[in-house]
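Visitor: I'd like to ask you about the structure that follows.
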Amino acid sequence: MEPESAPSVPPTAHEVAQLITALQSTGLRVEVPIGARTGGAGPADAGMLYIEGVQTTVPTSAVYVENSPYALRGEDDGGWAVYEGSQRLASATLAPRPAYYDLTTDEGIPYWQIALLHLDSVASTVLQTCAYWGNDDQCAFCGIGVTLANGRTIAKKTPAMLAEVAVAARDLDGAVDATLTTGSTATPDRGALYVGRCGEAVKVASGLPVQVQFEPPADLDVIDRVADMGVDSVGIHVESFDPQVLARVAPGKARWGLDAYFTAWERAVAAFGPGQVSTYVILGMGEDEQVTVEGCKRAIDIGVYPFVVPLRPVPGSLMEDLLPPPKEAVEAVYRQIVPYLALRGMSASGVAAGCARCQACSGLGAFEMAEGDSRDGRRTLPLVISA
Ligand code: SF4
C-alpha cells in the first residue's frame, strides 16, 4: 500500500472535469466492490460514483482497467478517494445499493430486473430485444442482448411494472427522473409508441420527469403522439455524425441517413422544445473530429443537445475488444462543444430528464459546470468559438 499524500486542496471544477474524462478513458481500479452495471443498452461496465460530488460512471471491470493509473481507495475517515499512485486527486462517494432492489412484483419479478437506478435516474430498456440484434444490422457498440442472455433482466417490461418500480425508486432511493430506452422494433414506429406508453405510465404514477429514447419513426406524427403522452424529453440517437463510421458500426441505423435524423429532430424540437431533444454521439469509433464537431453544432443550432460520450466497450458486444478513446481526443471535442452550447443558450441544466440531464456517462456536463465555475473566479475553459 503506497503511503498516502498529505490532504490536498480540493480540485477545481475544471480539474474534476478533466479527471472524469481521464477515468472514462482509462478506467478506475477498484480495490473494493462498488455498484456497477455490466451489460445492456447504453454505456455498460459502469461503476457508479460521485467524484467531488459530480455523478459519474467509469469502467471498472474491463481488462484494460488493470493498466489504469487511477485507483479508488478507502480512507481512514471512512471516506473514499481517487488516487494516482500516492497522489490523492479527489474525494469520491460510492453510489449506495438501492433499497428498492430488495422488492419484487406480485408475480415475483425482482424490481432490479425491471429497472436499475443509475445514480439518481431510474432507468430501463423497456423492450430488451431489437430488430438489429444478432444480424448484419447489429450496432457494434451495443450489448442489449447480453443482459437478457445472462438473465439479468426480462425481455418486456410493462407500463404497470415500470410505474410500480419508479414510485419505489422515488420514495426509497430519491430517483429524480426516469430514463427509458428500447430496442428497435420491426414496426414503422420503431418501438416509439410502446416506450412512450411506458413513459406515460411512469409519469402518471410517480410524477417524475421522463425521457424516452427511440429511433426515428417512419411516420413522424408518432413523435407528436409521444409528446401528447406527457413525456418530457426524448433521445433520438444518431451515435455518430461520420457517415462512413455510422455505416460500419450501425448499418441498420445508417440506412436512414443523417438527414432523416435532422428531420426527426426538427419535428421533436417542435413537439418537446429546444434542449429537450438529445442524441448520443459516441467518440472512439474512428470518426473524424471536425465532422463530429460540425455535426454537433448543426444539431445544437436546431435545438438538439449532443450528448457526447466516450466509447465504453461492452463485454459481449462486437466492440468488446476495443479500448475507449484517449482522454485528449475526448477533451478536445468537449472544449469545442461546451462554448458552442453556451453561445446558443443550451446546457445540461436545462434538460428535464434522461441521459443529457444525468450526464454521468460523459464529461461534457462537468466541463459545462467548469465553464461556470466561480471557485477561483476565472473562466477555466479556453473558448473555441467559430460560428
Ligand atoms: S447518462 Fe446516466 S441515465 Fe444515461 S446511461 Fe449513463 S448513468 Fe444511465
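The values are calculated or read from the model by the stated rules, or taken from the named source; none is laboratory data. Remember, predicted model here, so these are calculated numbers, not experimental data. Neighbour counts are summed over all protein chains in view; Cβ atoms, including those assigned to glycine, are modelled from backbone coordinates with ideal geometry. We work out accessible area using only protein heavy atoms, side chains counted, and drop any ligands, DNA or RNA first. Shrake-Rupley method; radii C 1.70, N 1.55, O 1.52, S 1.80 Å.
Visitor: Tell me, what is the 1.4 Å probe accessible area of Asp221, in Å² to the nearest 10?
Guide: Accessible area of Asp221: about 80 Å².
Visitor: Ser349 versus Leu220, label points 7 Å from Cα toward the beta carbon: distance in nm?
Guide: With each label point 7 Å from Cα toward Cβ, the separation is 3.3 nm.
Visitor: Rounded to the nearest Å, what's the spacing between the alpha carbon centres of the range 255-296 and the range 184-248? Just the number, please.
Guide: Cα centroid of the range 255-296 versus Cα centroid of the range 184-248: 14 Å apart.
Visitor: Right, next: Averaging over every viewing direction, what projected area does the convex hull of the Cα atoms of the range 69-115 cover, in nm²? Kindly include the intermediate steps, with their values, before the conclusion.
Guide: Values: hull surface 19.1 nm².
Mean projected area of the Cα convex hull: 4.8 nm².
Visitor: Please calculate the 1.4 Å probe accessible area of Leu94, with all protein chains present, and give it to the nearest 10 Å².
Guide: Looks like 40 Å² after rounding.
Visitor: How many lysine pairs in the range 99-371, separated by 8 or more positions in sequence or lying on different chains, have Cα atoms less than 26 Å apart? Please report the intermediate quantities before stating the final value.
Guide: Working: Lys156/Lys203; Lys156/Lys253; Lys157/Lys203; Lys157/Lys253; Lys253/Lys297; Lys297/Lys327.
Taking the Cα cut-off of 26 Å, the pair count is 6.
Visitor: If you don't mind, another one. In terms of the ratio Rg/(2.2 N^0.38 Å) built on C-alpha atoms, what value belongs to the range 256-309?
Guide: Numbers: Rg = 11.1 Å, N = 54, 2.2 N^0.38 = 10.0 Å.
Cα Rg divided by the expected 2.2 N^0.38 Å: 1.10.
Visitor: Sort largest first and round to whole Å: the equivalent ellipsoid semi-axes of the range 130-213, each the square root of five times a Cα gyration tensor eigenvalue. The partial results should precede the final answer.
Guide: Values: eigenvalues 129, 45, 21 Å².
Equivalent ellipsoid semi-axes, largest first: 25, 15, 10 Å.
Visitor: Which residue, Ala271, Ala131, Ala299, tops the fluctuation ranking in a GNM of the chain built on C-alpha contacts under 10 Å?
Guide: Fluctuation is largest for Ala131.
Visitor: Rounded to the nearest 500, what is the 222 nm mean residue ellipticity of the chain from helices alone, with -39500 (n - 2.57) per DSSP H run of 4+ residues and division by all residues?
Guide: Details: 12 runs with 126 residues, N = 387.
The helix-only estimate for the chain comes to -9500 deg cm²/dmol at 222 nm.
Visitor: With the crude spin-label approximation of a point 7 Å out along Cα→Cβ, what separation in nm comes out for Arg248 versus Glu328?
Guide: In this crude label model, Arg248 to Glu328 measures out at 2.1 nm.
Visitor: Round to the nearest 10 and report in Å² the accessible area of Glu294, as given by a 1.4 Å probe over the protein chains' heavy atoms.
Guide: 90
Visitor: P(r) for the chain: what percent of alpha-carbon pairs falls in each 20 Å bin, starting at zero?
Guide: For the chain, the pair-distance distribution reads 30, 61, 9, 0.
Visitor: Now for a separate question. For the range 91-134, compute Rg over Rh where Rg is the Cα radius of gyration and Rh is the Kirkwood radius from the inverse mean 1/r over Cα pairs. Don't skip to the answer; put the middle values down first.
Guide: Values: Rg = 13.7 Å, Rh = 12.5 Å.
Over the Cα atoms of the range 91-134, Rg/Rh equals 1.10.
Visitor: Just to be sure I understand: with springs between alpha-carbon atoms less than 10 Å apart, which residue in Ser317, Ser362, Ser124 has the highest mean-square fluctuation in the Gaussian network model of the chain?
Guide: Result: Ser317 has the largest fluctuation of those listed.
Visitor: Suppose every K and R has +1 on its Cβ and every D and E has -1 on its Cβ; what is the size of the dipole of the chain about the Cα centre, in Debye to the nearest 20?
Guide: On the way: 27 positive and 46 negative charges, 81 e Å.
Magnitude of the dipole: close to 380 debye.
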